[in-house]
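Undergrad: Sending over a structure as structure tokens; questions will come in a sec.
Laboratory data are not the source of any read-out in this text; all were calculated from the coordinates shown. This is a predicted model, so every value here is computed, not measured. Every residue, glycine as well, gets a Cβ built from its backbone with ideal geometry; the counts of neighbours run over all protein chains shown.
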Ligand SMILES: Cc1ncc(COP(=O)(O)O)c(C=O)c1O
């Protein structure tokens, strides 16, 4: 039997499939006559990817048809807001293809791209990339340990090690592969890894791949970390993030480090969203909290604040030597394109030489926090350039997102499994490049739409 959601839609009942499609969910009633929202949510929106993860039967393709049936309903109802094609650089105003209407929406205020310092499209960066293309062409055509390493890769490694004040750096094709390769490169079956419960998927995947015993401690809670480390004899690694990517808050590092010391655990920090923007010299949250030298492994990406692509791990030379031999996600993958490396090098130089970019970023963050806070928008505990706008309605977040999109704001809805169920939100990124006008106009649109849905007063 194949799931047919259209049949069950009018009944509002449960749907089940032999192939393991959606199970019964209670329908959320949002279309009562007095409800000012009065927008019916298609029943299919009560389901998500998890309903299509396990299925009965022997055919690996058994879930494809039920998934397609579901997706063909939810895509036009809101899921189409993912993977919308940009027609411009990820600047503060972007032109975005509206795949529902076939139009290109021009000049949307962009709160979706990382690019926290506005570096990805700077003329100096583009020029450095052009020069590298002239010399090296497109790709690097090899694994970094074979033929893929160029003089530019070596220079970037040295530049970054000097900037971070570490003995050495290892480059990876992405931040994702940096986490996977570092964690699984170091930890083995029988060891223990304890990560914050909000750790990014790339950390979780590294933990799974390492085959070490995996545990999670309650978000930012040193007392729970203490419990999770207790009673284990053997190698222990604790993993935290600098800025949590969906909440925008930062960890209490000194407290967590103290617990690690007590248990003889090593600590790794993923500064994907905090390197190059936090701290007096831009090293990250560890520098900002005065514990830079007490962290054993520093990891990050080039895809956020530097507006490029790729990941890195920084630390003692011996750690880097070891990981060079055991990080399979680097070893068995093509090296970063030399053109990308040239762009990152220039972006790093600009981030270092223009501290005023960070000042501008934090001014913008404070301004947006005030605009949204004064309007009563629920923005969680963020203390960074990542500001969550809490909607907590997994079904209607897409309707709200679509209205924001049509009224002039490009911002991404985030729902399960990227965040917990009923923790749906918009993830807003603030950039140093936003002008006051961008921030004020954008906040006005967001607040106007949220009011219609009763998300803010
Ligand atoms: C905390 C964290 N680590 C790692 C990554 C992966 O980085 P990349 O997108 O550069 O692969 C992300 C991506 O969003 C992230 O938020």
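Undergrad: Compute the label zone of residue 124 within the range 306-342: residues whose backbone N is under 11 Å from the point 7 Å along Cα-to-Cβ.
TA: Residues passing the 11 Å test: none.
Undergrad: Using the number of other C-beta atoms within 10 angstrom as an exposure proxy, rank 93, 396 with the fewest first.
TA: Numbers: 93 17, 396 21.
The most exposed by this proxy come first: 93, 396.
Undergrad: Rounded, prolate or oblate: which fits the chain when a ≥ b ≥ c are the square roots of the eigenvalues of the alpha-carbon gyration tensor, with rounded for a/c under 1.5 and prolate only if a/b beats b/c?
TA: Details: a/c = 1.56, a/b = 1.31, b/c = 1.19.
It comes out prolate by the Cα gyration axes.
Undergrad: Return the distance in nm (one decimal) between the two label points of a simple spin-label model at residue 227 and residue 354, each offset 7 Å from Cα along Cα→Cβ.
TA: 4.7
Undergrad: Now for a separate question. Using 0.36 nm times the number of residues separating residue 188 and residue 167, minus their current alpha carbon distance, what extension gain do you get?
TA: Numbers: separation 21, 0.36 × 21 = 7.56 nm, distance 2.48 nm.
Roughly 5.1 nm would be gained on extension.
Undergrad: Related question: Once the Cα atoms of the range 336-376 are picked out, what are the Rg and Dmax in Å?
TA: Rg and Dmax of the range 336-376, Cα atoms, are 15.8, 47 Å.
Undergrad: With everything on Cα atoms, drop me the angle between helix 123-136 and the longest principal axis of the chain, reported from 0 to 90° to the nearest 10.
TA: That works out to roughly 70 degrees.
Undergrad: Sort the range 321-441 into rounded, prolate or oblate with this rule: let a ≥ b ≥ c be the square roots of the eigenvalues of the Cα gyration tensor; rounded if a/c is under 1.5, and if a/c is not under 1.5, prolate when a/b is larger than b/c, oblate otherwise.
TA: On the way: a/c = 2.33, a/b = 1.41, b/c = 1.65.
Because a/c hits 1.5 or more and a/b fails to exceed b/c, the range 321-441 counts as oblate.
Undergrad: How much of the DSSP beta bridge set in the chain is antiparallel, as a percent to the nearest 5? Mind showing how you got there, number by number?
TA: Working: 22 of 41 bridges.
DSSP beta bridges in the chain are roughly 55 percent antiparallel.
Undergrad: When the helix-only estimate is applied to the chain (DSSP H runs of n ≥ 4, each -39,500 (n - 2.57), divided by the residue count), what is the mean residue ellipticity at 222 nm, nearest 500 deg cm²/dmol?
TA: Details: 15 runs with 169 residues, N = 457.
Computed mean residue ellipticity for the chain: -11500 deg cm²/dmol.
Undergrad: Let me ask you something else. If I stretch the segment between residue 158 and residue 143 completely, what's the gain in nm (0.36 nm per residue apart, minus their alpha carbon distance), one decimal? Walk me through the intermediate numbers first.
TA: Numbers: separation 15, 0.36 × 15 = 5.40 nm, distance 1.92 nm.
Computed gain between residue 158 and residue 143 is 3.5 nm.
Undergrad: On to the next question. Quick one: if you stick a label point 7 Å off each Cα along the C-beta vector at residue 59 and residue 451, how many nm between them?
TA: 5.4
Undergrad: Measure nothing fancy, just the Cα-based angle from helix 436-452's long axis to the longest principal axis of the chain, in degrees from 0 to 90, nearest 10.
TA: Between the helix axis and the principal axis of the chain, the angle is about 40 degrees.
Undergrad: Next up: Could you tell me whether the range 121-162 comes out rounded, prolate or oblate from its Cα gyration tensor? Rule is a ≥ b ≥ c as square roots of the eigenvalues, rounded for a/c under 1.5, then prolate if a/b exceeds b/c, otherwise oblate.
TA: The shape class here is oblate.
Undergrad: On a C-alpha basis, how far is the centre of the range 54-81 from the centre of the range 351-399 in Å? Whole number, if you could?
TA: What the calculation gives is 34 Å, centre to centre.
Undergrad: Moving on. Could you line up 436, 330, 345, 266 from fewest to most neighbouring Cβ atoms inside 10 Å?
TA: Details: 436 10, 330 25, 345 22, 266 16.
By the 10 Å Cβ count, ascending, the order reads 436, 266, 345, 330.
Undergrad: Efficiency by 1/(1 + (r/R0)^6): what FRET value for residue 293 and residue 266, r their Cβ-Cβ distance, R0 = 22 Å, to the nearest 0.05?
TA: Numbers: r = 14 Å, r/R0 = 0.63.
Calculated value: 0.95.
Undergrad: Let me ask something else about it. Mind checking the angle between helix 338-353 and the chain's longest principal axis? C-alpha axes, 0 to 90 degrees, to the nearest 10.
TA: Roughly 80 degrees between the two axes.
Undergrad: Return the distance in nm (one decimal) between the two label points of a simple spin-label model at residue 133 and residue 381, each offset 7 Å from Cα along Cα→Cβ.
TA: It is 4.5 nm.
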